[in-house]
Amino acid sequence: MVTKTLSEGLSEYESWKQHIHSLIEDIQNWLEEKALFSEESWNTIARCLDKIESDHITIAFVGEFSRGKTELINALFFAETGRRLLPSDAGRTTMCPTEITHDSDRDQSYIRLLPIETRLESKTLTEYRNQPEAWTEIILDTADPKILEKSFKELANTHHVKIEEAEKYGLLNQQLLNQNGHQPKYIDIPKWRHAIISYPNKLLKQGLTIIDTPGLNAIGSEPELTLNMLPSAQSTIFVLGADTGVSQSDLTIWQNNLNGHIKSKRGRLTVVLNKIDTMWDDLRSDDEIEDTLKSQIISTARTLGIPLKKIFPISAQKGLIGRVRKDDNLINRSGIIDFEDHLNHEVSQSKQTIIRQDISDELEEMLSQAEQVLKQRLKQEENQLAELANIHQQSDSAISNLLEKTQIEQDQYRQNTRSLAEHDSRLEEKSRELLLTINLAGFDQIMQQAGNEIEKSWSSKGINKAVKLLTDSLQSRIEDVQKLIDENSQIIRGIYRHFEQNHGIGVIQPKAYSLIQVADIHDNILSEAEAFAKGHRITFVGQSRIVQVFLNTLGSKSREMLESIEKDMLHWLSSALQPLAFQLEDHKEILNRQIHDLKTANQSREKLDEKLASMASDIETQNHEVQKIRQFIDRINRSVFDIT
């Protein structure tokens, strides 16, 4: 089997995106050329192109301190620099959650660092992202590797503070303090709360973002990691030590922060057993070493409850050294090649699922509606051709009668238009009902009320009450929205059925909005709230600021989801009848053409002959156009499944 590096995989993925982009533009141009480009088609095309253009890939590395996460990042992404770009020496590794990306809006590379002192505020990371003055920025000199390496060492800097100050920041791990039987007066805490690095790496320029988390204490005390950043990753790498296996703190991270990824359709999780080089022993045979490693893999799989194929034994350190020295034997022995090939496959599969769900379904629905319009045109053309051919040898009065019949159809069209306007008004009322149901202003008040409950009591009971108040309000809104979706779906189906049965206008109606689109986000919010309320997120900290930040983050994430639901549902309700409106407008144009043609034919038999020949040619052309739509749909399906 041919293996692929992540760089090769991402390059192929970028080429694939360009192919999909071109395909969507081809569809758009064809619809415009054939007068099939409705307002709803424009919205669909715009949404699909935006998803392609704004698409990016995020890989998150999670694990306890000293598991080799940062060394693994160096080996996978930065070996070409010839050194450890990110600090990963023992005791001198990254101390804060770090995002590594490429900022295409700026010419300079940089590190932005958020001071640890901001933990004394109740603001979320999202809020601080919009406050550049709160960050310390270091401009990177990418031309000088030594200066670059020195700049990156800032990520490992710490403050030596009293126990009381560490506790104030919510960074006191009481369990670790008591391991030695005594409590020191001073401990080291991270100097920075969060870091964002913009670096001109090829993979990063292709849209890759890397997240490096520094350990259980940081994960537990930064709610946005578990609510926003980790769930949004296309691939999450859980790094363990082959020499230690699954420790208690490793298991805590797994159970409280990562296990939900297994249930997520969009999250992909891989376990790395790092530092297998600690098992390499010249006094033991290769078979003995292999047996020991297999035993550790089986034990890890059993403890975490995952398949053996999801666990990769590697040595990040030897992989990095091998790549820097171009030592193929060491690279192969490190296991990094198989892991990178797996990672490439996982990311591609994850993106394939998202693209298939988010884009191909929308394009197919749009083309199916266009196909229905074309078939309706074809049917009307064939009917008119048959009628004209039938009266070809008849008197002029027959043409006059057909003209009168068509004008009656035109009057029926006007009645249909009025009927559609009445139904449209009904859906506008439902839109107003939706706004009252979601009631974002009311949810803001609930968030404020939850904050007040926390202020009243910092006990577990007070925290549970505040979290329950927030999640109950969210859940109630979701349930009411679902009722509205069911009710409106029934109304819309009834409108389409009415026009088909009473007016002979059969159109494929748009798919109903579904809360499945936000199911993962909703489930994650509820599970995080439950874990926090049970104390999983505040085992070590339990400080008021951490609780406030969590509550603010939970509220913001919930509100963001409600805003998304409101926006998408309003769009659904406002566009639900657009296929009908487009069909009516298209029917109007056909009737106008028919009346013009009949008037012309009534004046001259020669003109009637010409019209019959022209219509026969048009019908043949439209049959080809119907086939063209099926070809587009086949191209979409083939393209989506070509991500490998």
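The values are calculated or read from the model by the stated rules, or taken from the named source; none is laboratory data. This is a predicted model, so every value here is computed, not measured. No Cβ is skipped: glycine too gets one built from the backbone with ideal geometry, and neighbour counts run over all protein chains shown. To get the accessible areas, we keep the full protein, side chains included, count just its heavy atoms, and leave off ligands, DNA and RNA. Shrake-Rupley method; radii C 1.70, N 1.55, O 1.52, S 1.80 Å.
Would you compute, from DSSP H runs of 4+ residues alone, the mean residue ellipticity of the chain at 222 nm, taking -39500 (n - 2.57) per run and dividing by the full residue count, rounded to the nearest 500?
Computed mean residue ellipticity for the chain: -20500 deg cm²/dmol.
Which value, in Å² and to the nearest 10, is the accessible area of Cys48 when all protein chains are kept and the probe is 1.4 Å?
Ignoring ligands and nucleic acids, Cys48 comes out at about 0 Å².
In whole Hz, what ³J(HN,Hα) sequence does region 547-557 give by Karplus (6.51, -1.76, 1.60; θ = phi - 60°), x for Gly and Pro?
With coefficients 6.51, -1.76 and 1.60, one gets 5, 5, 4, 4, 4, 5, 5, 4, x, 5, 5 Hz.
Assign unit charges at the C-beta atoms only (+1 for Lys and Arg, -1 for Asp and Glu), then state the dipole size of the chain relative to its Cα centre in Debye, rounded to the nearest 20.
1780 debye
Let me check something: with ligands and nucleic acids excluded, how do Asp341, Asp634, Asp286 order by accessible area (1.4 Å probe), largest to smallest?
Asp286, Asp634, Asp341
Scale the Cα Rg of region 418-458 by the rule-of-thumb value 2.2 N^0.38 Å and send over the ratio, two decimals.
Relative to the rule-of-thumb radius for its length, region 418-458 sits at 2.01.
So if I average 1/r over every pair of distinct C-alpha atoms in region 264-334 and take the inverse, what Kirkwood radius in Å does that give?
Kirkwood radius, region 264-334: 13.5 Å.
As a test question: what accessible area, to the nearest 10 Å², does His342 have when a 1.4 Å probe is rolled over all protein chains in place?
30 Å²
Simple spin-label model, 7 Å along Cα-to-Cβ: Ser614 to Gln18 in nm?
My value for the distance between the label points is 4.4 nm.
Taking a 21 Å limit on the Cα-Cα distance, which of the listed pairs Lys69/Lys310; Lys69/Lys153; Lys430/Lys511; Lys456/Lys557; Lys4/Lys202 fall beyond it?
Lys456/Lys557
Taking the Cα centre of the chain as the origin and placing charges on Cβ (Lys, Arg +1; Asp, Glu -1), which of Asn257, Asn29, Ile139 is farthest toward the positive end of the dipole?
Farthest towards the positive pole: Asn257.
How far is the Cα center of region 288-305 from the Cα center of region 19-47, in Å?
Here the two parts' Cα centres lie 53 Å apart.
Could you tell me what % of all Cα pairs in region 35-95 have separations over 14 Å?
Cα-Cα pairs in region 35-95 separated by more than 14 Å: 68 percent.
Counting pairs of Cα atoms in the chain, how many percent are more than 47 Å apart?
32 percent
Given a 1.4 Å probe and the protein chains all in place, what does the accessible area of Tyr186 round to, in Å² to the nearest 10?
Roughly 100 Å² of Tyr186 is accessible to a 1.4 Å probe.
In nanometres, what is the gap between the two model label sites at Asp107 and Ser397, each 7 Å from Cα along Cα-to-Cβ?
The two pseudo-label positions are separated by 8.5 nm.
In whole Hz, with x marking every Gly and Pro, tabulate ³J(HN,Hα) for region 479-489 from phi via Karplus 6.51 cos²θ - 1.76 cosθ + 1.60, θ = phi - 60°.
Values, residue by residue: 5, 5, 5, 4, 4, 5, 4, 4, 5, 5, 4 Hz.
As I understand it, the dipole of the chain uses +1 on the Cβ of Lys and Arg and -1 on the Cβ of Asp and Glu, about the Cα centre. Which of Pro510, Leu120, Ile485 lies farthest toward its positive end?
Leu120
At a Cα cut-off below 17 Å, give the lysines reachable from Lys51, other chains included and same-chain residues fewer than 8 away excluded.
Filter leaves Lys17, Lys351, Lys567.
Can you work out D for region 1-112 in µm² s⁻¹ from Stokes-Einstein, where Rh is the Kirkwood radius over C-alpha pairs, the temperature is 25 °C and the viscosity is 0.890 mPa s?
In µm²/s, the coefficient rounds to 136.
So which aspartates and glutamates pass the test for Lys465, namely a Cα distance under 19 Å, with those fewer than 8 places away in the same chain ruled out?
Of all the aspartates and glutamates, those that pass the test against Lys465 - Cα under 19 Å, at least 8 places apart if same chain - are Asp444, Glu453, Glu455, Glu528, Glu530.
For the chain, report the accessible area per residue in Å² (1.4 Å probe, heavy atoms, rounded to an integer).
For the chain, the solvent-accessible area averages 47 Å² per residue.
Among Ala370, Ala576, Pro313, which residue has its Cα positioned farthest towards the positive end of the charge dipole of the chain, with +1 placed on the Cβ of Lys and Arg, -1 on the Cβ of Asp and Glu, and the dipole taken about the Cα centre?
So the residue furthest toward the plus end is Pro313.
Could you pull out every one of the lysines with an alpha carbon less than 17 Å from that of Lys150, ignoring same-chain neighbours closer than 8 positions?
Leaving aside lysines fewer than 8 places away in the same chain, those within reach of Lys150 are Lys191.
How far, in nm, would the chain grow between Arg83 and Ser299 when pulled straight, counting 0.36 nm per residue and subtracting the alpha carbon separation?
Working it through step by step, the gained length comes to 74.3 nm.
How about region 296-338: which trypsin sites (Lys or Arg not before Pro) there are in a DSSP loop, with at most 14 other Cβ atoms within 10 Å of their Cβ?
Lys326
For the pair Glu288 and Glu127, how long in nm is the line joining their label points, each one 7 Å along Cα→Cβ?
Taking the simple label geometry, Glu288 and Glu127 are separated by 6.0 nm.
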